[in-house]
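Asks: Please read through the structure below; I'll follow up with questions.
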Amino acid sequence: MGASPVRSPWKDDRMPAIEVNRLTKKYGEFLALKDVTFSVEEGEVYGLIGPNGAGKTTTLRVLATLLEVTSGDVKIYGKDLVKQADDVRKIISYLPEDAGAYKNMKGIEYLNFIADFFVEGQKKKEMIQRGLDVANLGERIGDRIDTYSKGMARRLLVARALMIQPKLAILDELTSGLDVLNAQEIRRVVKTAARQGTTVLLSSHNMLEVELMCDRIALINDGHIVASGSPQDLKSKYNAANIEEVFVEVVK
Amino acid sequence: MRSSLSHIIMKEVKELLTPATLIPIIIFAIIFGSLGTAFGGATNQLSEPPTLGIINQDNSTIGRFVYLDLQANSKVVYNGTDIQAGIQAVTDQNGAALIVITSTFGSNITQNESGVVQIYWIMRGTGILDSFSSATADAVLAQVQKDLSKALIDSHADIDSTTILNPVNATQNTVFKGKEMAGISPTAISAVMSGQNIIVPLIVVMVVIYAGTMVVTSMGSEKENKTLETLLTLPVRRSSIVFGKLAGAAIVGLVFAAIYMIGMGYYMSSLTFSSSIDLAQYGISLNLLDYVLVGISLFLALLFALGLCMILGIFTKNYKAAQTMTLPVTMLALIPMFVLMFTDFNTLPLAAQVFVFAIPFSQPIIAMNSLMFGQVAIVLVGIAYEIVVALVTIFVAVHLFKKDILLTGRVKSAEAKRRGTYSLWTMMKRK
């Protein structure tokens, strides 16, 4: 059962960055997403929360043009996800959970490699500089990626995802496996990007993280959205102290 | 309780012994088993008398003795007087040689000179097994020579011992693929050709192993290091990713092949000098255009290999799995290598010809051998076939690159079922 598109009243004047209408995704006979419907406004931070296997990553992978759509419509900034996939890829940035970088490259070489797909000349220099600022790896940016700690590698990948100033950043389990300090730093970077106009769609197991970062959230379970709204609205509606309690209440 | 060692051994064996590794080896064994049967047929020829044509121009007693002795030890398919007709008859009957006992054969011997016998070898192919029929004819000639020596001794004729011991002076001529080459035996041609027969197949196999492995392992490591998903969401066409990977591997594969060829070239040149026969003087050589055609054929075989490996790479899960994935492709390259090393493509039975021709890796090998004898048509057909299969393979690879299977792999339904079973929602509903 899909939730109807929800729009925050104070953002009605903005164009929808993401419009997902009755998205269904099958893996063979297995129905991974069932009539998923939601929309995200431009500049909004929208979170998908749910347990393992609920369909969060499948939703993000479909929106990132990685998986085929079984049925339903998806538009990213007005562009049809299926028919205009090449155009969609120009305005999105996807950061998979446990993403890796080419280990034989140095950090700076990796940023260069990615920037080459988007711009050249002075603009490329500016893009890489943004990447260097976000990664904040100091001199280690000149070292091979296989010598990086998990936190350093994740910062490099977040830098890669945000330096291109995508219209939409799709971030899967943004801080998974990171310590508190690294996680906090990365959340700060993403929130800054959102303030500068990037729409963010993220997924997380971490309900606290979602509550801290998201303007609105959708609770997804067993392939469909079971509730959605702003964290405050959901807490009030379900008379819960936090989103974790909301979640337990909703799936009960 | 199992010991730690056996526990680890069991785990390793289980990981390595998968259908992907086992099936190609079983297929390979079956193919070679059936080839063994075919070779067995060829070796049976050794125990049968050779098929010969005989022209006896000498009516002396000695000439007639040799004629009758040859006839007794072989299956004669021609005994007229015309050499060209004889060659044709023996060729038509898949015979080994036409033997001409020259008109002065007997008189030469009585004058203490070896009698001249002209042999026109009908060479059917340049493979190792193709020399079997000439080997049996050789054996018969040796027997005839012995019989003649014995008869001369028995006759107490006034002939010196050197002539009695070596009464026959055989001049060797070889007829191969329509060319008549005077003064050279099939064995000498085979010795030189075997160099060519080995070097091209080896290059094909090496290039396939090097370049193919690179493509598959590149896919395996992209999946294992989780870099593929990022790459696929960048503003770059899927076809560009496929062609980029193929071209990268092709360039490195060709560099490896070039290095390998230089080494092999030195090795082969040392062998060629020692054989001291220049086949070019008989018109058996490659010109620049021939080399270009072989190069094109080799390049297309490489493209096919890369396309096939890319498809396998799409199904691979990780780096380790990727390494076993190249096995089927390597096997496919080894089949023509072994088959064409032992037999000439032209002497294979029709079904085997179709089978070997259908493997694109056979084409450069067939091309090299055919162009040596000026047979361009089969090479052009082969190249056209290679273009088609290479394009189809690459098209399939690009198509699969746009499919879920690239990311979800072969285990997708099992994973999906597992995910379905353990979702929180399902668990709660069960409660």
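Every number here is computed from the coordinates shown, using simple stated rules; none is lab data. Please read these numbers as outputs of a predicted model, since none were measured by experiment. Neighbour counts are summed over all protein chains in view; Cβ atoms, including those assigned to glycine, are modelled from backbone coordinates with ideal geometry.
Asks: Determine how many Å³ per residue the convex hull of the Cα atoms of region A:67-107 encloses.
Replies: 117
Asks: Across peptide A:89-99, what mean number of C-beta atoms from other chains lies inside 10 Å of a residue's C-beta?
Replies: Mean shielding count: 4.
Asks: Do the sum for chain B: with -39,500 (n - 2.57) for every DSSP H run of n ≥ 4, divided by all residues, what is the mean residue ellipticity at 222 nm, to the nearest 500 deg cm²/dmol?
Replies: Calculated mean residue ellipticity at 222 nm is -22500 deg cm²/dmol.
Asks: Let me ask you something else. Go ahead and run the numbers for FRET between B:LEU16 and B:LYS402, Cβ-Cβ distance against an R0 of 35 Å, rounding to 0.05.
Replies: 0.65
Asks: May I pose another question? Which three lengths, in whole Å and largest first, does region B:43-184 cover when its Cα atoms are put on their principal axes?
Replies: Result, largest extent first: 44, 29, 24 Å.
Asks: Then there is this: Give me the three principal axis extents of chain A from the C-alpha atoms, as integers in angstrom, largest value leading.
Replies: The Cα atoms of chain A stretch 50, 41, 40 Å along their principal axes.
Asks: Along its three principal axes, how long is region B:193-410 when you only count alpha carbons? Whole Å, largest extent first please.
Replies: Sorted largest first, the three principal extents are 61, 35, 28 Å.
Asks: While we're looking at this one, here's another question. For A:ASN239 and A:ARG195, compute 0.36 nm times the residue count separating them, minus their Cα-Cα distance, and round to one decimal in nm.
Replies: Contour length minus Cα-Cα distance gives 12.9 nm.
Asks: Grab every C-alpha pair in chain B, bin the distances at 10 angstrom width from 0 up to the longest one, and report whole percents.
Replies: With 10 Å bins starting at 0, P(r) equals 4, 17, 21, 19, 14, 10, 7, 4, 2, 1, 0, 0.
Asks: Okay, moving on. Points 7 angstrom from Cα along the Cβ direction at B:ALA142 and A:PHE113: gap in nanometres?
Replies: With each label point 7 Å from Cα toward Cβ, the separation is 6.4 nm.
Asks: Sorted by average packing, counted as other Cβ atoms within 10 angstrom per residue and highest first, what order do A:219-228, B:183-192 take?
Replies: For the peptides A:219-228, B:183-192, the packing ranking is A:219-228, B:183-192.
Asks: Put a dot 7 Å past each Cα toward the Cβ at A:GLU249 and A:GLN232; how far apart are the dots in nm?
Replies: Distance between the two pseudo-spin positions: 1.6 nm.
Asks: Which whole-angstrom value gives the distance between the alpha carbon centres of region A:193-252 and region B:1-33?
Replies: If you average the Cα positions of each part, the centres end up 49 Å apart.
Asks: If packing is taken as the average number of other Cβ atoms within 10 Å across a peptide's residues, how do B:150-157, A:19-26, B:207-214, B:174-181 rank, most packed first?
Replies: B:207-214, A:19-26, B:174-181, B:150-157
Asks: Per DSSP H run of at least 4 residues, take -39500 (n - 2.57); add these up for chain A, divide by its residues and hand me the 222 nm value, nearest 500 deg cm²/dmol.
Replies: Mean residue ellipticity, 222 nm, calculated: -11000 deg cm²/dmol.
Asks: By per-residue mean of other Cβ atoms within 10 Å, what is the highest-first order of B:67-76, A:232-241?
Replies: In decreasing order of mean packing, B:67-76, A:232-241 become B:67-76, A:232-241.
Asks: Per-residue Cβ counts within 10 Å, from other chains only, averaged over A:160-170: what number is that?
Replies: The mean count of partner-chain Cβ atoms within 10 Å per residue comes to 1.
Asks: Report D for region A:14-87 in µm² per second (integer): Stokes-Einstein, Kirkwood Rh on Cα pairs, 10 °C, 1.306 mPa s.
Replies: My calculation gives 126 µm²/s for D.
Asks: If each residue of separation counts as 0.36 nm, what is the full-extension length gain between A:ARG188 and A:ASN136 once their alpha-carbon separation is subtracted?
Replies: So the extension gain works out to 17.4 nm.
Asks: How high is the FRET efficiency between A:ASP86 and B:PHE395 when r is their beta carbon distance and R₀ equals 25 Å, given to the nearest 0.05?
Replies: 0.85
Asks: Give the residue from B:PRO201, B:LEU300, B:VAL236 lying farthest towards the positive end of the charge dipole for region B:193-410; charges sit on Cβ (+1 for Lys and Arg, -1 for Asp and Glu) and the dipole is referred to the Cα centre.
Replies: Going by the Cα projections, it comes out as B:VAL236.
Asks: Taking a threshold of 25 Å on the Cα-Cα distance, which of the pairs A:LYS106/B:LYS226; A:LYS75/A:LYS191; A:LYS25/A:LYS83; A:LYS103/B:LYS11; B:LYS223/B:LYS402 fall above it?
Replies: A:LYS103/B:LYS11
Asks: Return the FRET efficiency for the residue pair A:LYS124, A:ARG22: r is the Cβ-Cβ distance, R0 is 30 Å, and the value is rounded to the nearest 0.05.
Replies: Efficiency, from the Cβ-Cβ distance: 0.15.
Asks: On to the next question. Using only C-alpha atoms and all pairs of different ones, pull out the Kirkwood radius for the protein assembly as shown in Å with one decimal.
Replies: 30.9
Asks: Taking 0.36 nm per residue of separation and subtracting the Cα-Cα distance, what length does fully extending B:LYS75 through B:ALA191 add?
Replies: 39.0 nm
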